[in-house]
Amino acid sequence: MKIAVDAQSAKRIEVEVSDATFGVQFNEPLVHQVVVAFQAGERAGTRAQKSRSDVRGGGRKPWAQKGGGRARAGTIRSPIWRGGGRTFAATTLDFSQKVNRKMHRGALRAILSELLRQGRLIAVSDFSLAASKTKALTEALASAGVESKRKRSPDTLIVTERLEEGLLRAARNLPKVDVCAVADADPVSLIGHEHVVITVGALKRFEEILR
């Protein structure tokens with residue numbers, strides 16, 4: 001299949017891409033599973049409390065078992081003592097879910113194909129800026145067909161073959177514009193933006209990775 005490149009300019013051309021990568025059907029259950037797994041992997045789960053076995057001290061029995069007239073006690077680190085451990089201590093949790101490589105690649109193919117069908121995938125020959133300025137990036141997005149609405153930055157993900165430092169600096173002041181390389185593109189970022197501007201080099205790189 002062919003994708004129009006630089007559709008907004010007079011130098012409009014078409015590039016041949018693989019149907020196996022950009023022409024597959026949208027598999028909603030697979031995409032949902034991969035997206036949920038990716039979001040679950042970003043959860044920290046770093047809560048932790050100390051139980052009676054984790055609190056320092058309490059190795060000696062405070063007093064004799066019998067004869068003292070007091071309730072029996074085995075350690076001063078009991079949960080009912082001040083300075084003791086928690087009864088049901090919270091532990092660190094791991095929310096990560098296993099996703100096979102085949103599932104991950106299949107989800108990316110389905111997302112890219114659906115973005116292309118919906119007209120949300122915009123291909124450009126190159127996305128290099130003359131200066132690392134926000135104004136230059138806004139003008140480049142407008143020339144690619146992505147314009148801001150109501151004086152707000154366009155909700156756009158820019159995918160390039162390699163990450164460029166100048167492009168990152170230019171996008172820092174635009175709250176809804178993100179930049180990533182092909183190797184860093186994830187399902188959540190691809191479906192979470194209204195438009196995805198991708199270079200021809202990135203298209204070919206996706207074909208190599210997802211073949």
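Read the figures in this text as sums done on the coordinates, not as results from a lab. Keep in mind that what you see is a predicted model, and the values were worked out from it rather than measured. So basically every Cβ, Gly included, is an ideal-geometry build from the backbone, and we count neighbours across all protein chains shown.
Evaluated against (1) farther than 28 Å from residue 40 by Cβ; (2) part of a loop (DSSP other than H, G, I, E, B), residue 92 falls short on exactly one condition, (1). Taken together, the residues in the range 79-105 that are farther than 30 Å from residue 210 by Cα and within 43 Å of the chain's Cα centre (by Cα) amount to 12. Exactly one residue out of 98, 61, 102, 66 is charged (D, E, K, R) and not in a loop (DSSP other than H, G, I, E, B), and it is 102. Taking the listed residues 26, 38, the one that is touching a residue at least 24 places away in the same chain (Cβ under 8 Å) and within 30 Å of residue 165 (Cβ to Cβ) is 38, with no other qualifying. Being aliphatic (A, V, I, L, M), free of Cβ contacts under 8 Å to residues at least 60 places away in the same chain, surrounded by 10 or more Cβ atoms within 10 Å (Cβ to Cβ) and under 29 Å from residue 31 (Cβ atoms) is the requirement here; does residue 122 meet it? For residue 122, the condition - aliphatic (A, V, I, L, M), free of Cβ contacts under 8 Å to residues at least 60 places away in the same chain, surrounded by 10 or more Cβ atoms within 10 Å (Cβ to Cβ) and under 29 Å from residue 31 (Cβ atoms) - is not met.
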